[in-house]
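Okay, structure first, notes after.
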Amino acid sequence: MFAVLVQIHVKSEFVDAFIEATLDNCRNSVHEPGIATFDLLRAQDDPACFSLYEIYHMPEAQLAHRETAHYLRWREAVEPMMAEPRTFSKLDVLFHEEG
């Protein structure tokens, strides 16, 4: 298992539209085989800063996710909403319990 933490800073006028587009992506992503977790988080001190926390069972699952219609739709919709390019980190999962 491994995780991806995506950091996204959105232009303030697009916060609501970003949330709507991202929730669509999240709701579809959790049904993909190979995805254990797909969470949308927002910073408490800056409502225009978001994180996606994604846990994958295998690297191939992340590659497959990036080819889905909902991911491609999300990427196209939110790209112009970003205040700066998104950043990401890949992390080893040391503990995860599926509930």
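Throughout, read-outs are computed from the coordinates displayed, never taken from laboratory work. Just so we're clear, the structure is a prediction, and the values are computed from it rather than from any experiment. Please note: Cβ atoms are built from the backbone with ideal geometry, for glycine as well, and neighbour counts cover all protein chains shown.
Report, by residue number, each residue of region 26-48 that is within 19 Å of VAL78 (Cβ to Cβ) and part of a loop (DSSP other than H, G, I, E, B).
Correct list: VAL30, GLU32, ALA43, ASP46, PRO47, ALA48.
If you check every pair at least six apart or on different chains, which have Cβ atoms under 9 Å apart with a residue in region 43-69 that is within 13 Å of HIS9 (Cβ to Cβ) and touching a residue at least 24 places away in the same chain (Cβ under 8 Å) first and a residue that is of a type in the set (Ser, Thr, Tyr) and surrounded by fewer than 12 Cβ atoms within 10 Å (Cβ to Cβ) second?
Pairs found: PRO47/SER12; ALA48/SER12.
When region 71-85 is examined, which residues are found to be in a loop (DSSP other than H, G, I, E, B) and surrounded by 12 or more Cβ atoms within 10 Å (Cβ to Cβ)?
Answer for region 71-85, where residues must be in a loop (DSSP other than H, G, I, E, B) and surrounded by 12 or more Cβ atoms within 10 Å (Cβ to Cβ): just ALA83.
Is it the case that PHE18 is touching a strand residue (DSSP E or B) at 6+ places or on another chain (Cβ under 7 Å), within 25 Å of ALA83 (Cβ to Cβ) and either of a type in the set (Lys, Arg) or not in a strand (DSSP E or B) (or both)?
yes
Just to be sure, is PHE18 of a type in the set (Phe, Trp, Tyr) and farther than 15 Å from LEU5 by Cβ?
yes
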